[in-house]
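J.: Input: one structure, supplied below.
The values are calculated or read from the model by the stated rules, or taken from the named source; none is laboratory data. Note that the coordinates shown come from a computational prediction; the quantities given were computed from them, not determined experimentally. As a convention, Cβ positions derive from the backbone with ideal geometry for all residues, glycine included, and neighbour counts pool all protein chains shown. All accessible areas refer to the heavy atoms of the entire protein, side chains included, with ligands and DNA or RNA removed. Shrake-Rupley method; radii C 1.70, N 1.55, O 1.52, S 1.80 Å.
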Amino acid sequence: MSILLNKDTTFIVQGITGREAVNLTKECLDYGSKIVGGVTPGRLGREVHGVPVFDTVAQAVESHGSAIDGSIVTVPPGFTKDAVVEAIANGIKLLVIVTERIPRGDVAEMVEFANLHDARIIGPNCLGLIVPEVCKMGGIGGPAKDAAKSYKPGVVGVMSRSGGMTTEISSSLTAAGLGVSTAVSIGGDAIIGSTYAELMPYFEADEQTEAIVIYTEPGGRMEAQLSEWKQENNSRLPIVAFMAGKFMDDEEMQGMSFGHAGTIVEGKEDSATEKIIRLEAAGIKVVERIDEIPEAVKERIER
Amino acid sequence: MIFYEYEARKIVELAGIPVTKYGFCQTADEARKAAEEIGGPTVIKSQVLTGGRMKAGGVQFADTPDEAAKHAEDILKLEINGHMPVGVLVDPKAEIKQEYYASVVWDGTAKKPLMLFSDMGGIDIEQVAEEHPDHVGRGHISNILPVGDYEAKQVIAATGVTGSQLNRATPILAKLARLFRENDMILAEINPLAELTDGSFVALDAHMEMEEEAVGRQKNILRKELGIAEEDTRDTYVPSDFEKNVKAIDAADHRGVIQGKDHGFDGNLGLVIGAGGGSLTLTDAVRNQGGKPANYSEIGGNPSVAKACGLAKEVLKKDGVEKIAVMMSIVSNTRVDIVARGVIKACLELGKDPAETIAIFRIPGAWEDEGNKILDHYGVEYCDRSVSLWDAAGRAVAKIQGAS
């Protein structure tokens, strides 16, 4: 099995006629994903790689004839909130927001609206998610032939704040023969739709998944939240974490921001050092080197 | 965007929160006039984007307008933590009965703004929260529903504040919460919020920070109300020439994104690295294996040859840089061949041999076969995804150590 996606998952692409979205649509279709429509206001009647384009989400749902499961949202930051609310108001339950640089107030609004409608947001500023050899929703892994190299079906659930590192880590798990159950690029912003802890119950319920790997960075409380979740829920899943950006703990780097918007270290509590201490206290293995991940996972699963 | 105190006070005032009759002045004469208008003892405060003003002598008290002018003259010349003030704020010296603290910040776990209130104002709120938790009230607000006054009242009442103080502070905290949301703030703080001897409440100092991503849509308050120029980006530290040059190269071409920092780095190995978290991972890997990075950089989003070349050139031109390492996590959007072309072009244009100058090229992914052909042609050492980011960084470090 997998989390959030399966072979029957249908989705649309909002902002489908944009340059990046056209590529992304092709990549997903080639990988076997079921894209049933696209939305760009004013472009009703066009097609993108054979996918019909509509002016509104309501039209796409009506044309499809039944509920649509998901939407990839790739519209400019100023329009993202309205697009997401439109999708949710039209019954869509899974949103992958690709757009970067959305003010966090907008993200928080979308999340609150999604919660009221039992919908789930992945991202923003993310590459989406992939179930190897089944489907992918977003640019994750790149073109289908490249995604096939990095992602093979397997037992490890991957969650990463960095889109690129999702593929790097999954590739190493694939090369080690472990493979991936579902990989999720959760996004690097200060406020995101789905944190590690919020996705854990899905992996916990997925029989295929035997272990979790997370890629993380300084900034925010997401790791503390995961540690609390693990301790409170008696999870069956071993977790291996890799923490990047330890150099930011150096005195001369204080107050600087590197990489993602969420990595501005505001206090001692969200530094790499503090996070590692918290994760380890919760029984999460934090590997020192990126290439140690597959071995650490192997040591922790019963084979 | 971080605001000067005089701007933060104006933001608070625009939200309908009472403030004292303050004046922002850029000369001693202006300060004298402001003090005359106030007509009593005044406080003269340096307007800088850094803390520790009081300790540095950037806050002075005056009894007469002449004294205010003298203090203003001194403070305007006083550098604090490397920052020169943009002016001084002349404020009436308030008759304070009690100091309070009010703020709104983001709670990333709850994904909602959090109101904070304390009846122990004027000092560090983190210390109050630790030592006197019962004196700090907290309450989340919705991102969608209007902020009710009752929500602010609950937070204040939780600290034990009651009577007319509760009723006077309530609309202030509620207004602060509304301005936080409406103006896309990531911090909105009034400290101290003062109760004067006549029982009225005023914001005596305020700290405001607006989210960078929202600056474009807050033009009304930024340009019209505060008069902040479009090009005013408020760097809280002074960027180096390297940082300025990389920024200019990035801005010149819309394809791809590059970012360069060298604050805190002064090594001999230049880094042209990226793909999101890849740059954080690689910088750690270089340092942990004894390498000395000359910079931190990011390249991604499918840059043009010119952009990759521009970044590599800037890195190579830095003092002390002997070689560069070009490394990324597996790419799907960025084209390997384009990056290869760019970095080789940078070497050639600076009269350097790419084979000698590029310590390692590790970018697996899109168009890698085409990239490898170019690298082969110039004799540059490269590796594929079977070599981890750790090992690639290790090879680069070994090469530069072998060279020196």
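J.: Given the pairs A:Lys149/B:Lys244; A:Lys246/B:Lys317; A:Lys145/B:Lys399, which are separated by over 32 angstrom at their Cα positions?
T.: In this structure, A:Lys149/B:Lys244; A:Lys145/B:Lys399 exceed 32 Å between Cα atoms.
J.: Another one. Hand me the GluC sites (Glu not before Pro) from region A:160-254 located in a DSSP loop with no more than 13 other Cβ atoms within 10 Å, in residue order please.
T.: In loop regions of region A:160-254 (DSSP not H, G, I, E or B), the sparsely surrounded GluC sites (Glu not before Pro) are A:Glu207.
J.: Let me ask something else about it. Determine the percent antiparallel among the DSSP beta bridges restricted to chain B, to the nearest 5.
T.: 75
J.: If you don't mind, another one. Residues of region B:78-111 losing 50 Å² or more of accessible area relative to the isolated chain, 1.4 Å probe, heavy atoms only?
T.: Buried by 50 Å² or more upon assembly, which counts only protein chains, are B:Trp106, B:Thr109, B:Lys111.
J.: What does DSSP give for region B:209-325 in terms of the percent of beta bridges that are antiparallel, rounded to the nearest 5?
T.: Looking only at bridges with both residues in region B:209-325, the antiparallel portion is about 50 percent.
J.: Related question: List the chymotrypsin sites (Phe, Trp or Tyr not before Pro) in region B:173-270 that DSSP assigns to loop (not H, G, I, E or B) and whose Cβ has at most 14 other Cβ atoms within 10 Å. Which are they?
T.: Those satisfying the criteria are B:Tyr237.
J.: What is the distance in Å between the Cα centroid of region B:290-338 and that of region A:113-162?
T.: Here the two parts' Cα centres lie 27 Å apart.
J.: While we're here: Relative contact order for region B:209-310: what is it in percent, counting Cα pairs under 8 Å that are at least 6 residues apart?
T.: For region B:209-310, the relative contact order is 28 percent.
J.: Counting only heavy atoms of protein chains, what accessible area per residue, in Å², does region B:105-154 have with a probe of 1.4 Å?
T.: Result: 52 Å² of accessible area for each residue.
J.: How many Å² of accessible surface get buried when B and A come together, counting both sides, probe radius 1.4 Å, rounded to the nearest 100?
T.: 3900
J.: Which of the three applies to region B:350-389, rounded, prolate or oblate, going by the alpha-carbon gyration tensor with a ≥ b ≥ c and a/c under 1.5 meaning rounded?
T.: Since a/c reaches 1.5 but b/c is at least a/b, the shape of region B:350-389 is classed as oblate.
J.: Please list A:Met1, B:Met328 in order of solvent-accessible area, largest first, computed with a 1.4 Å probe with all protein chains present.
T.: A:Met1, B:Met328
J.: Once R0 is set to 56 Å, what does the formula 1/(1 + (r/R0)^6) return for the Cβ-Cβ distance between A:Asn234 and B:Asp353, expressed as a FRET efficiency to the nearest 0.05?
T.: It comes out at approximately 0.40.
J.: Separate question: Run the accessible area of chain B with a 1.4 Å probe and give the carbon-and-sulfur part as a rounded percent.
T.: Answer for chain B: carbon and sulfur cover 48 percent of the accessible area.
J.: Using a Förster radius of 30 Å, what is the FRET efficiency between B:Asn167 and A:Glu252 based on their Cβ-Cβ separation? Nearest 0.05, please.
T.: With a Förster radius of 30 Å, E is 0.05.
J.: Along the positive direction of the dipole of the protein assembly as shown (beta-carbon charges: Lys, Arg +1; Asp, Glu -1; about the Cα centre), which of A:Gly105, B:Met328, A:Leu116 reaches farthest?
T.: Ranked along the dipole, the leading option is B:Met328.
J.: Helix A:222-233 sits at what angle to the longest principal axis of chain A, using alpha carbons and giving 0 to 90 degrees rounded to 10?
T.: With both axes taken from Cα atoms, the answer is about 80 degrees.
J.: When N is the residue count of chain A, what does its C-alpha Rg come to as a fraction of 2.2 N^0.38 Å?
T.: Output field value: 0.97.
J.: Per-residue Cβ counts within 10 Å, from other chains only, averaged over B:387-393: what number is that?
T.: Mean shielding count: 4.
J.: Give the cross-link partners of B:Lys55 among the aspartates and glutamates, using a straight C-alpha distance below 16 Å as the criterion and excluding same-chain residues fewer than 8 apart.
T.: B:Asp74, B:Glu79, B:Asp124
J.: Run the numbers on region B:233-262: which residues show a drop of 40 Å² or more in accessible area, chain on its own versus all protein chains together, using a 1.4 Å probe over heavy atoms?
T.: Buried by the other chains: B:Lys261.
J.: I'd like the orientation of helix A:163-175 relative to chain A: the angle between its Cα long axis and the longest Cα principal axis, in ° from 0 to 90, rounded to 10.
T.: For helix A:163-175, the angle is close to 70 degrees.
J.: Using the alpha-carbon atoms, what tilt in degrees (0 to 90, nearest 10) does helix A:19-31 show relative to the longest principal axis of chain A?
T.: Taking Cα atoms only, the helix is inclined about 80 degrees.
J.: With the Cα gyration tensor of the protein assembly as shown in hand, give its eigenvalues times 5 under a square root as the equivalent ellipsoid semi-axes, listed largest first in whole angstrom.
T.: Calculated on Cα positions only, the semi-axes equal 46, 32, 24 Å.
J.: Give the aspartates and glutamates reachable from A:Lys34 as a straight Cα distance under 16 Å; neighbours fewer than 8 places away on the same chain don't count.
T.: Filter leaves A:Asp8, A:Glu47, A:Asp69, A:Glu133.
J.: Moving on. Over chain A, what is the relative contact order in percent, taking alpha-carbon pairs closer than 8 angstrom and at least six residues apart?
T.: With pairs under 8 Å counted, the relative contact order is 14 percent.
J.: As an exercise, identify the GluC sites (Glu not before Pro) in region A:63-137 lying in DSSP coil whose Cβ has no more than 16 other Cβ atoms within 10 Å.
T.: A:Glu133
J.: Would you work out which of A:Ala244, A:Val75, A:Ser160 lies farthest towards the positive end of the dipole of chain A, given +1 charges on the beta-carbon of Lys and Arg and -1 on that of Asp and Glu, about the Cα centre?
T.: Checking the options against the dipole of chain A, the answer is A:Val75.
J.: Also: Can you give the calculated 222 nm mean residue ellipticity of chain B, where each DSSP H run of n ≥ 4 adds -39,500 (n - 2.57) and the sum is split over every residue, rounded to the nearest 500 deg cm²/dmol?
T.: Helix contribution divided over all residues of chain B: -11500 deg cm²/dmol.
J.: When the accessible area of each residue in region B:272-296 is compared between its chain alone and the complete protein assembly (1.4 Å probe; ligands, DNA and RNA ignored), which residues differ by at least 30 Å², being lower in the assembly?
T.: Those are B:Gly277, B:Leu280, B:Thr281, B:Asp284, B:Arg287, B:Tyr296, which lose 30 Å² or more relative to the chain on its own.
J.: Report relative contact order for chain B in percent, whole number only (criteria: Cα-Cα under 8 Å, sequence separation at least 6).
T.: Computed value for chain B: 11 percent relative contact order.
J.: Now for a separate question. Taking a probe of 1.4 Å, how large is the accessible area per residue of region B:189-279, in Å²?
T.: Result: 45 Å² of accessible area for each residue.
J.: Using a cut-off of 13 Å between alpha-carbon atoms, which aspartates and glutamates can reach B:Lys318, once sequence neighbours fewer than 8 places away in the same chain are excluded?
T.: List returned: B:Asp241, B:Glu243, B:Asp262, B:Asp266.
J.: Something else about it: Partner chain Cβ atoms within 10 Å, averaged over the residues of A:104-117 - can you pull that number for me?
T.: Average neighbour count from other chains, rounded to a whole number: 5.
J.: Using a probe radius of 1.4 Å on heavy atoms only, what accessible surface per residue do you get for region A:1-48? Whole Å² is fine.
T.: For region A:1-48, the solvent-accessible area averages 47 Å² per residue.
J.: Convex hull over the alpha-carbon atoms of region A:144-234: what's its volume per residue in Å³?
T.: About 99 Å³ per residue, rounded to a whole number.
J.: Run the accessible area of region A:1-87 with a 1.4 Å probe and give the carbon-and-sulfur part as a rounded percent.
T.: 53
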